[in-house]
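**Q** I have a structure here, written as structure tokens, and I will follow up with some questions on it.
The values are calculated or read from the model by the stated rules, or taken from the named source; none is laboratory data. As the structure is a prediction and not an experimental result, all values here were calculated from the model. Cβ coordinates were reconstructed from backbone atoms using ideal geometry, including for glycine residues, and neighbour counts include every protein chain displayed.
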Amino acid sequence: MVPKDYGTYIEPFVGGGALFFAVIPERAIIADSNPDLIAFYLAVRDDVDGVIAAVQRWKTDEPSFYKVRKLNPAKLSLAVRAARTLYLNRTCYNGLYRVNKKGTFNVPYGGYKNPRICDDAGLRAASRALATATILNDDYLSVLKRHAKAGDFVFLDPPYAPAGQFADFKRYTKEQFHRPDHEALAAEVRRLQVLGCTVVLTNSNTPYTRKLYAGFDIATVKTRRSINCHGDKRRGEDVIVRIKPSQEALFSNILSPRIEAYPSTRFMGSKERLLADIWSVASHLPGTRVLDLFSGSGAVSYMFKAQGKAVVSNDYMAFSSTLARAMVENDSTRLSAADIEFLTHGRATDRFVRTNFRGLYFSDADNLFIDLVRSRIAELNDEMKQTVARASLIRACMKKRARGIFTYVGVRYDDGRRDMQLSLRQHFKEAAQLINDSIFDNGQRHIVLNRDVSQVDVDADIVYVDPPYYSPLSDNDYIRRYHFVEGLARDWSGVEIQEHTKTKKFKTYGSPFSTLEGARGAFDDIFRRYANSAIIVSYSSNSLPNRETILRLLRKHKAHVEVVPVDHRYSFGNQGHKIGNANNKVSEYLFVAT
Ligand SMILES: C[S@@+](CC[C@H](N)C(=O)[O-])C[C@H]1O[C@@H](n2cnc3c(N)ncnc32)[C@H](O)[C@@H]1O
């Protein structure tokens, strides 16, 4: 009933929350219009000991019952209010919840001998399940209108439409649920479908409900209603209506909320802010296999994964591939608290960073910490865990450097920002948490390569091309900027540090994109090799070869080429322009060739 993968679990008629407590979703919003019930969940989440202590104070005889029933919940502390709800539920007639027009609970005494009021262990388990949930006391429509997003899973268990002549399951709260409400709910379900949510709805099996949800997948199930005093009448039938997101939603330019889990890093030329534009173009192209030839920060590969594609991600920098392997290829391996403890304690087996980069980028303590984590990574026995740990270390090092780069030594641009103040140890722990949180399975297999673009040879339906922009105004040398984290990714193996340089960088990898002639030839080669795929090229107005040249090269190999302008302002003047200078308004294009 619950999809394998979804953004947020939303249950706006949460009631007893049977499904919520069975699933215990990572991200959840539960809501109900019943204020006592919501107060109960909030108290169980935030003060379970207080609830247990309060409920144990009351006896269960009739006079005590009416004394507790008389207490005005609005005047009680959250824990006592919750204890009262629990107590009344366990001692009242048939466990009913019914209120009068004023919202006062009015079910009489149940007269049970030794009712079991408080299941401590159960309450504590519920408290843990609720720990990260958002709990709201609101009308279901306002919850859905405000919170539901494409990719979410919405479970709707509304007050049922009456199944028999005398059955009345509507009086859950003082607001009743009548036919117009059922019709508004059915309309809302259709809105959610178009929005891109998966919806599951339950109701009683009546001609009325079947008509409301005609056209959807409706399953009938036998049910036992617990709220009915006549045992023989407890049998009934319910429907479970399943609603998949509309095709329109799947193929529109709505980005999955998953993308928000991607930990953004300042990376030169990152297309993080263009993801919606790239997807709005790519969503119209057929096929599931996407090749991201120059993955850089990995943001575009991650977006395609979040949109359900099977991704091959490539970059010639090892550190880019490490990020993509940790967050795109990886679908389930996370660092546990014990792993993080292991990685951040013990002894370093060498002092490579401390010795070679002393006084350049980080303090001695931070350098020693890097050496410690490097050493401990080598001792982890799971390769994907090693990758996640390395990606976390890379992210930590980039975060602590102003602008995330290693072209200058010492501490520049220190404006007292939090990122500058935190130790690398703190950065590492935060990075590990963020990367852990970004990991998910979209049901597809993903591959990460670490090659020069000319060596990549895979079949794909869509190829995304975002090479370094050649500009006469500044170099586009990624290694010069990121050599330190690139060194970390490969543990400086196979590279030779240029000892005479201030930054202790190593020789850049050769790339055809470092010259105009080379870039032209490389584009021609890529377009020729992927002539059978749809090609999307990111390009900007200040780059060379110019727009006309790219168009001409694409048209040589592809029948149909379109230029889609998108608006994008760079976060820093990576093309030799200063921030604040009107020149940093660069027009971005997406060339789409099919
Ligand atoms: C503009 S960035 C890509 C940005 C990426 N789309 C993002 O959103 O972060 C260009 C990338 O091309 C890579 N690159 C440069 N020359 C390459 C080559 N010859 N083969 C493969 N990758 C290369 C660089 O390492 C850099 O990460």
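**Q** Taking region 197-226 on its own, how many of its residues are out of contact with any Lys or Arg (no Cβ under 8 Å at 6 or more places or on another chain), without any contact (Cβ under 8 Å) to a residue 24 or more places away in the chain, in a strand (DSSP E or B) and not aliphatic (A, V, I, L, M)?
**A** Of the residues in region 197-226, 1 are out of contact with any Lys or Arg (no Cβ under 8 Å at 6 or more places or on another chain), without any contact (Cβ under 8 Å) to a residue 24 or more places away in the chain, in a strand (DSSP E or B) and not aliphatic (A, V, I, L, M).
**Q** Is at least one residue of region 375-391 away from the ligand (no atom under 16 Å from the Cβ) and more than 29 Å from ARG445 (Cβ to Cβ)?
**A** Yes, there is a match, as at least one residue in region 375-391 is away from the ligand (no atom under 16 Å from the Cβ) and more than 29 Å from ARG445 (Cβ to Cβ).
**Q** For region 295-317, what are the residues that are closer than 18 Å to ASP457 by Cα and either surrounded by fewer than 24 Cβ atoms within 10 Å (Cβ to Cβ) or away from the ligand (no atom under 14 Å from the Cβ) (or both)? Show your work before the answer.
**A** Here is the first cut: in region 295-317, the ones closer than 18 Å to ASP457 by Cα are 295, 301, 310-317.
If the condition is that a residue be closer than 18 Å to ASP457 by Cα and either surrounded by fewer than 24 Cβ atoms within 10 Å (Cβ to Cβ) or away from the ligand (no atom under 14 Å from the Cβ) (or both), then ALA310, ASN314, TYR316, MET317 are the ones that fit.
**Q** Here's a follow-up. Could you grab me the full set of residues in region 48-96 that are in a loop (DSSP other than H, G, I, E, B), of a type in the set (Ser, Thr, Tyr) and closer than 16 Å to ASP119 by Cβ?
**A** Scanning region 48-96 gives a single hit, THR60.
**Q** Of the residues that sit in region 362-383 and are in contact with a helix residue (DSSP H, G or I) (Cβ under 6 Å, 6 or more places away or on another chain) and not β-branched (Val, Ile, Thr), which one is farthest from LYS504 (Cα to Cα)?
**A** LEU380
**Q** Among the numbered criteria (1) away from the ligand (no atom under 13 Å from the Cβ); (2) under 24 Å from ALA310 (Cα atoms), which single criterion is violated by VAL495?
**A** With respect to (1) away from the ligand (no atom under 13 Å from the Cβ); (2) under 24 Å from ALA310 (Cα atoms), VAL495 is out only on (2).
**Q** Then there is this: Taking the conditions exactly as written (farther than 23 Å from SER270 by Cβ, away from the ligand (no atom under 12 Å from the Cβ) and not in a loop (DSSP other than H, G, I, E, B)), does ARG445 satisfy them or not?
**A** Answer is no for this residue.
Yes or no, residue by residue, for (1) more than 28 Å from ILE10 (Cα to Cα); (2) modelled with pLDDT under 85:
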position	(1), (2)
CYS92	yes, no
ILE117	yes, yes
ASP168	no, yes
THR173	no, yes
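**Q** Let me ask something else. Would you be able to tell me the number of residues in region 146-156 that are at pLDDT 95 or above and touching a helix residue (DSSP H, G or I) at 6+ places or on another chain (Cβ under 8 Å)?
**A** Qualifying residue count, region 146-156: 3.
**Q** Now for a separate question. Just the residues that are part of a loop (DSSP other than H, G, I, E, B), over 23 Å from LEU71 (Cβ atoms) and out of contact with any Pro (no Cβ under 6 Å at 6 or more places or on another chain), please, taken from region 97-152.
**A** Across region 97-152, the qualifying residues are LYS113, ALA131, THR132, ALA133, ASP138, ASP139, ALA148, ALA150, ASP152.
**Q** Between residues in region 512-540 that are modelled with pLDDT under 95 and residues that are within 14 Å of the ligand (Cβ to nearest atom) and polar (S, T, N, Q), which pairs lie under 7 Å by C-beta distance while being six or more apart or on different chains?
**A** PHE513/ASN476; SER514/ASN476
**Q** Can you tell me which of ALA22, ALA82 is hydrophobic (A, V, I, L, M, F, W, C) and touching a Leu at 6+ places or on another chain (Cβ under 9 Å)?
**A** Just a single option satisfies the conditions, and that option is ALA82.
**Q** Output the qualifying pairs, or none if there are none: Cβ atoms under 9 angstrom, residues six or more apart or on different chains, first residue in region 309-337 and assigned by TED's automatic domain parsing to the domain that holds ILE479, second residue more than 16 Å from the ligand (Cβ to nearest atom) and in a strand (DSSP E or B).
**A** Cβ pairs passing all conditions: LYS309/ARG289; ALA310/ARG289; VAL311/ARG289; VAL312/ARG289.
**Q** A further question follows. Of the residues PHE20, PHE40, which is buried (at least 20 other Cβ atoms within 10 Å of the Cβ), without any contact (Cβ under 8 Å) to a residue 60 or more places away in the chain and part of a helix (DSSP H, G or I)? Show your work before the answer.
**A** Working: PHE20 fails: without any contact (Cβ under 8 Å) to a residue 60 or more places away in the chain.
When all the criteria are applied, what remains is PHE40.
**Q** Shifting gears a bit: For region 531-551, which positions are within 15 Å of the ligand (Cβ to nearest atom) and of a type in the set (Val, Ile, Thr)?
**A** Matches in region 531-551: ILE535, ILE536, VAL537, ILE550.
**Q** Looking only at region 326-383, how many residues end up being of a type in the set (S, T, N, Q) and part of a helix (DSSP H, G or I)? Give the steps one after another, and end with the answer.
**A** Taking region 326-383 as the starting set, the residues that turn out to be of a type in the set (S, T, N, Q) are 330, 332-333, 336, 344, 349, 355-356, 363, 367, 375, 381.
If we keep only those that are part of a helix (DSSP H, G or I) too, we end up with 344, 355-356, 367, 375.
Number of matching residues: 5.
**Q** Looking only at region 448-464, which residues are within 21 Å of LEU551 (Cβ to Cβ) and either within 9 Å of the ligand (Cβ to nearest atom) or charged (D, E, K, R) (or both)?
**A** Answer for region 448-464, where residues must be within 21 Å of LEU551 (Cβ to Cβ) and either within 9 Å of the ligand (Cβ to nearest atom) or charged (D, E, K, R) (or both): VAL453, TYR464.
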